[in-house]
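In what follows, a structure is listed as structure tokens, so that the remarks can point back to it.
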Amino acid sequence: MTEIELFQKLLRFKSLTPLDDGAFDFIEEYLGQEWTCINIDKEDTKNRFYYKKFNDKKQHLCFAGHIDVVPVGEGWSVDPFAADIIAGIITARGAQDMKSGDAAFLYACKHAKDFDGTLSILMTSDEEGEGTYGTIKALEYLKEIDFIPNFAVVAEPTCEEVFGDAIKVGRRGSINGYLHIQGKQGHAAYPEKTINPIHQISKVLEKIAGHNFDNGDEYFAPSQLIITDIRAGMQVTNVTPNTLDLMFNVRNSTNTVQEDIRNFINEKFKYTDFTLKLTQGSYPFVTNKESKVVKKMEESILRILNISTKQSTAGGTSDARYFGAFGIEAIEFGVINDTIHSINERTSVIEVQKLTKVYEDLIKNF
Ligand SMILES: [Zn+2]
């Protein structure tokens, strides 16, 4: 089976989150008996850890991905699970996000003749959903059995314009803020008898909107407060509002934590009767530029694709953040990301072939 036939086979499983539709049984059979499979299913989520020890060295490189895909939606020009090749392109749900990456690392790992240590593969069926029982649970289990990898390559689509142009060495986190200000409602003609939360906030608004909590660094842009919603009042001109609610988001780097945001808001609103709720959607992570996995991936991309790749931390979140949280030096590299989650998601056969070559080269030279 070529890597492209494997890719097509994976695309034909209707693995809508949190289903694998039989894909994991197929993968276990595909890898064969030289690979040990650990089942780490939790609740409705399927997680699989496959590994092969080539020697007793402590070095452990893990390839990671998700088998699940988002719903297809209406308006496709082809059957989104047929995965036929038309003029060198495969149009199918999961073509970019991320069965291309899955196929490439599965093929590269199965055919690896040698590796200095242990090679492993971690896959989940819930990355596109909440992920509560996905990668995080699998990593908790690996920690329990003292089998946490040193390095990880998450095969999410990372390239921007040209295949090979970007790897991710980290991701920003996301903190949501809900600010509730308590005033005192009254008649617009008697402002002295009211506490108007809109007037209260007007003095601080320009100090908080767009505030940078840090200056950014070589990895990250500054962590900025972005106001997403303000509401108060009853759409009338003769009553002042009783309360005001403001929502905001901070895409935070590793230089800013929740406590910094809480302290800042407490200080700015100290003369106001308010409550603040902060929730952390995801935590930021970053892998050092000098990490072996970064260097080796850059070398492989240069050798196979003849491109000097750029290191990025932009974009939304991915499961790579969990690897960072377990002290694993993780990066992401995969095909071009320009049709993920959309109608007619597609990738080229040649990209998947080249991605496989890059992974093979990485394993060989690690
Ligand atoms: Zn993905």
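At a glance:
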{"item": "Per-residue ³J(HN,Hα) for region 247-258, Karplus 6.51 cos²θ - 1.76 cosθ + 1.60, θ = phi - 60°, Hz, x for Gly and Pro", "result": "10, 8, 9, 10, 7, 9, 8, 6, 8, 10, 10, 3"}
{"item": "Charge dipole of region 173-282 about the Cα centre (unit charges at C-beta), most positive-ward option of Ile226, His187, Ile265", "result": "His187"}
{"item": "Footprinting exposure proxy for Asp79, Asp165, Asp361 (fewest neighbouring C-beta atoms within 10 Å first)", "result": "Asp79, Asp165, Asp361"}
{"item": "Radius, Kirkwood style, for region 65-205 when every pair of distinct Cα atoms is counted (Å)", "result": "20.4 Å"}
{"item": "Sorted largest first, extent of the chain alpha carbons per principal axis (Å)", "result": "81, 46, 41"}
{"item": "Nearest-20 debye value, region 173-282 charge dipole, Cβ charges on Lys, Arg, Asp, Glu", "result": "460 debye"}
{"item": "Loop-resident sites, region 130-197, for chymotrypsin sites (Phe, Trp or Tyr not before Pro), counting at most 16 other Cβ within 10 Å (DSSP)", "result": "Phe147"}
{"item": "Neighbour-limited loop hits for chymotrypsin sites (Phe, Trp or Tyr not before Pro), region 222-283 (at most 12 other Cβ within 10 Å; DSSP other than H, G, I, E, B)", "result": "Tyr271"}
{"item": "Distance histogram in 10 Å bins (all Cα pairs of region 127-186, percent per bin)", "result": "14, 28, 28, 15, 8, 6, 1"}
{"item": "Least to most buried among Arg171, Arg321, Arg262 (fewest other Cβ within 10 Å first)", "result": "Arg262, Arg321, Arg171"}
{"item": "DSSP-loop GluC sites (Glu not before Pro) across region 284-366, with at most 14 other Cβ within 10 angstrom", "result": "Glu290"}
{"item": "Residue-by-residue Karplus 3J(HN,Hα) for region 91-102, coefficients 6.51, -1.76, 1.60, Hz, glycine and proline x", "result": "9, 6, 5, x, 4, 9, 10, 8, 6, 5, x, 4"}
{"item": "For region 316-366 and region 159-208, distance of Cα centres in Å", "result": "34 Å"}
{"item": "Relative contact order (percent, whole number), region 173-282, Cα cutoff 8 Å, 6+ residue spacing", "result": "43 percent"}
{"item": "The chain - share of DSSP beta bridges that are antiparallel (%, nearest 5)", "result": "70 percent"}
{"item": "Cβ-based charge dipole, region 173-282, positive-most Cα from Thr275, Asn242, Gly216", "result": "Asn242"}
{"item": "Electrostatic dipole magnitude of the chain [Cβ: Lys, Arg +1; Asp, Glu -1; Cα centre; debye, to 20]", "result": "900 debye"}
{"item": "Exposure proxy ranking, count of Cβ atoms within 10 Å, fewest first, for Cys159, Cys37, Cys109", "result": "Cys37, Cys109, Cys159"}
{"item": "Among 195-202, 96-103, the order from most to least packed when residues are scored by Cβ within 10 Å on average", "result": "96-103, 195-202"}
{"item": "Centre separation in Å (Cα based) which lies between region 5-28 and region 37-93", "result": "7 Å"}
{"item": "Neighbour net charge for Thr91 - beta-carbon separation under 14 angstrom, K R +1, D E -1", "result": "-2"}
{"item": "Length-normalised contact order for region 222-366 - Cα pairs under 8 Å, 6+ apart - percent", "result": "18 percent"}
{"item": "The chain, relative contact order [Cα under 8 Å, separation at least 6], %", "result": "25 percent"}
{"item": "Under-5 Å amide H pairs with His60, H placed in peptide plane, nonlocal only", "result": "Thr118, Asn150, Phe151"}
{"item": "For the chain, built as a Gaussian network whose Cα springs stay under 10 Å, the top-fluctuating residue of Lys184, Lys46, Lys268", "result": "Lys184"}
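Read-outs throughout are calculated quantities, based only on the coordinates presented, and are distinct from any laboratory measurement. All figures in this text were calculated on a predicted structure; none of them were measured in a lab. Note: ideal-geometry Cβ built from the backbone for every residue, glycine included; neighbour counts use all protein chains shown.
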